[in-house]
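Undergrad: Below is a structure I'd like to ask you about.
The values are calculated or read from the model by the stated rules, or taken from the named source; none is laboratory data. What you see is a predicted model; the values in this text were computed from it and never measured. In this analysis, Cβ positions are derived from the backbone assuming ideal geometry, glycine residues included, and neighbour counts consider all displayed protein chains.
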Amino acid sequence: MTVAPRPSILAVEPYVGGESKLPGVNRIVKLSSNEGAFGPPPGAVAAITKVATEAHRYPDGGATALREAIGARHGLDPARIVCGNGSDELIALLIMAYGGEGTELIMSAYGFQMYELTGLWAGCRVIKVPERDLTADVDAMLAAVGPRTKLVFLTNPNNPTGTLLPQSEVARLRAGLRDDILLAIDSAYAEYVTDPGYDAGATIVDATDNTVMLRTFSKIYGLGGMRLGWAYASPAIVDVLGRVRGPFNVNAAAAAAGIAALAEPGWVERSVAHNTEWRRRMTEALGAIGLPVRPSEGNFVLVDFRDGDRAARADAHLRSRGLIVRGMKGYGLPRYLRVTIGNAEECEMVIEALTDFVRTDG
Ligand code: PMP
């Protein structure tokens with residue numbers, strides 16, 4: 001007999017990330033995890049190599065230089081920034097600190113899966129609120145609030161749908177929540193947004209005491225493998241996160257890579273320009289062959305195959321050409337595939353493969 005964990009833990013299926021291998025296929029194009037299209041910034045690679053000789057030293061537990069660099073880049077007070085081992089860790093820390101048994105966590109139906117998985121194992125009751133046209137529905141989210149609600153998570157722009165909730169709606173969500181409810185605005189894809197009215201969350205964080213903005217280096221900065229995310233929050237929430245995080249939760253290589261990535265000249269501008277261009281081209285090209293694509297504000301597009309079997313056949317067709325995209329069955333959206341915007345050649349390969357699929361599948 002083995003030792004039993006808390007029952008809520010065995011009730012949760014582990015998160016499965018995008019695959020990176022296909023049996024028998026040599027050249028893989030991985031477009032399943034919304035990783036940056038250009039690989040890591042060269043300065044970050046050099047910084048990781050450089051810190052390797054100091055690998056016997058513990059890192060700065062407060063990630064001071066990194067928080068200062070983030071603060072300088074975004075015009076934010078470094079004292080109100082907490083870094084983590086990916087924003088996944090910060091999501092888990094918030095849920096452990098504020099949620100748990102006897103509490104409720106609210107998210108929109110197609111919000112980021114980790115809120116649900118982490119909430120469930122932590123013992124929260126997770127309420128997934130139906131969306132309107134694949135976009136978070138503020139009225140429905142507010143209507144779902146009960147006396148035990150402690151946490152509300154909003155992904156904006158949303159992954160996997162790519163949809164954006166207007167700033168006025170995010171503000172209305174915050175204003176409609178009680179003050180003892182924490183709102184986490186997860187802006188993992190903030191840099192890719194082209195809507196001029198967009199605010200990644202700092203304005204609402206500054207105006208309230210109970211809101212957190214979550215950000216990551218895994219997307220625009222091409223550092224998913226380093227595991228680096230950050231939160232911007234009120235001093236009270238920063239204090240709580242400081243109590244629950246591990247003392248060295250950001251390792252030395254990740255911190256050095258993050259600082260170097262922020263300093264890489266023109267990196268964000270080039271990545272955004274590429275993403276905006278190819279997101280538009282993919283949307284138009286796939287729309288033209290009868291595969292509607294949601295207007296996306298992220299570095300990915302959600303492609304509609306109209307039924308789940310056809311989406312599964314398209315997925316198999318792409319795989320036969322070494323193209324790995326993300327099936328959406330696990331998200332409750334089986335008729336869609338989510339495709340990350342890769343480099344130009346990779347995007348062309350997807351368009352060509354799907355053109356061929358439509359021709360042969362009918
Ligand atoms: N939030 C959202 C909305 C995401 O899409 C992701 C990555 N898939 C994360 C958080 C986790 O990011 P990280 O790599 O920083 O843990």
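Undergrad: For the stretch 67-134, which fully contained strands (runs of 3 or more DSSP E) count at least 3 residues that are more than 12 Å from the ligand (Cβ to nearest atom) and touching a residue at least 12 places away in the same chain (Cβ under 8 Å)? Show your work before the answer.
TA: Numbers: elements: 81-84, 104-108, 125-129.
It comes to 104-108, 125-129.
Undergrad: Of all residues in the stretch 135-166, which are touching a residue at least 60 places away in the same chain (Cβ under 8 Å) and out of contact with any strand residue (DSSP E or B) (no Cβ under 9 Å at 6 or more places or on another chain)?
TA: Answer for the stretch 135-166, where residues must be touching a residue at least 60 places away in the same chain (Cβ under 8 Å) and out of contact with any strand residue (DSSP E or B) (no Cβ under 9 Å at 6 or more places or on another chain): just PRO157.
Quick grid of which residues meet (1) of a type outside the set (S, T, N, Q); (2) over 23 Å from SER33 (Cβ atoms); (3) at pLDDT 95 or above:
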position	(1), (2), (3)
GLY100	yes, yes, no
ALA143	yes, yes, yes
PRO157	yes, no, yes
LEU164	yes, no, yes
ARG172	yes, yes, yes
ASP195	yes, yes, yes
ASP199	yes, yes, yes
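Undergrad: Further, regarding this structure: Out of the residues in the stretch 19-60 that are on the phi > 0 side of the Ramachandran plot and under 26 Å from the mean Cα position of the chain (by Cα), state the one that is farthest from the ligand (Cβ to nearest atom).
TA: The residue in question is GLY39.
Undergrad: When you go through (1) surrounded by fewer than 20 Cβ atoms within 10 Å (Cβ to Cβ); (2) in contact with a helix residue (DSSP H, G or I) (Cβ under 6 Å, 6 or more places away or on another chain) one by one for ARG306, which number turns out not to apply?
TA: Evaluating ARG306 over (1) surrounded by fewer than 20 Cβ atoms within 10 Å (Cβ to Cβ); (2) in contact with a helix residue (DSSP H, G or I) (Cβ under 6 Å, 6 or more places away or on another chain) leaves (2) as the failure.
Undergrad: A follow-up question, please. On the basis of being within 16 Å of the ligand (Cβ to nearest atom) and either within 23 Å of VAL339 (Cα to Cα) or part of a loop (DSSP other than H, G, I, E, B) (or both), does VAL16 make the cut?
TA: Answer is yes for this residue.
Undergrad: Also: Looking only at the stretch 7-44, count every residue that is surrounded by fewer than 14 Cβ atoms within 10 Å (Cβ to Cβ) and touching a helix residue (DSSP H, G or I) at 6+ places or on another chain (Cβ under 8 Å) and tell me the total.
TA: 6
Undergrad: Of all residues in the stretch 63-96, count the ones that are among the small types (Gly, Ala, Ser) and in contact with a strand residue (DSSP E or B) (Cβ under 9 Å, 6 or more places away or on another chain).
TA: 6
Undergrad: I would also like to ask the following. What number of residues in the stretch 241-261 are away from the ligand (no atom under 15 Å from the Cβ) and either under 19 Å from the mean Cα position of the chain (by Cα) or on the phi > 0 side of the Ramachandran plot (or both)?
TA: 0
Undergrad: Among the numbered conditions (1) aliphatic (A, V, I, L, M); (2) under 19 Å from LEU22 (Cβ atoms); (3) touching a Gly at 6+ places or on another chain (Cβ under 7 Å), tell me where VAL358 comes up short.
TA: (2) is the only condition that VAL358 fails.
Undergrad: Right, something else. Quick check on the stretch 225-240. Is at least one of its residues in a loop (DSSP other than H, G, I, E, B) and away from the ligand (no atom under 13 Å from the Cβ)?
TA: Filtering the stretch 225-240 for residues in a loop (DSSP other than H, G, I, E, B) gives 227-228, 234.
Cutting the leftovers down to away from the ligand (no atom under 13 Å from the Cβ) gives us 234.
Checking the stretch 225-240: at least one residue is in a loop (DSSP other than H, G, I, E, B) and away from the ligand (no atom under 13 Å from the Cβ).
Undergrad: I've got another one for you. Is there any pair linking a residue in the stretch 268-291 that is free of Cβ contacts under 8 Å to residues at least 12 places away in the same chain and closer than 16 Å to ARG338 by Cα to one that is buried (at least 17 other Cβ atoms within 10 Å of the Cβ) and of a type outside the set (Gly, Ala, Ser), with Cβ under 6 Å and at least six apart or on different chains, and which?
TA: Listed pairs, sorted by first residue: GLY287/VAL293.
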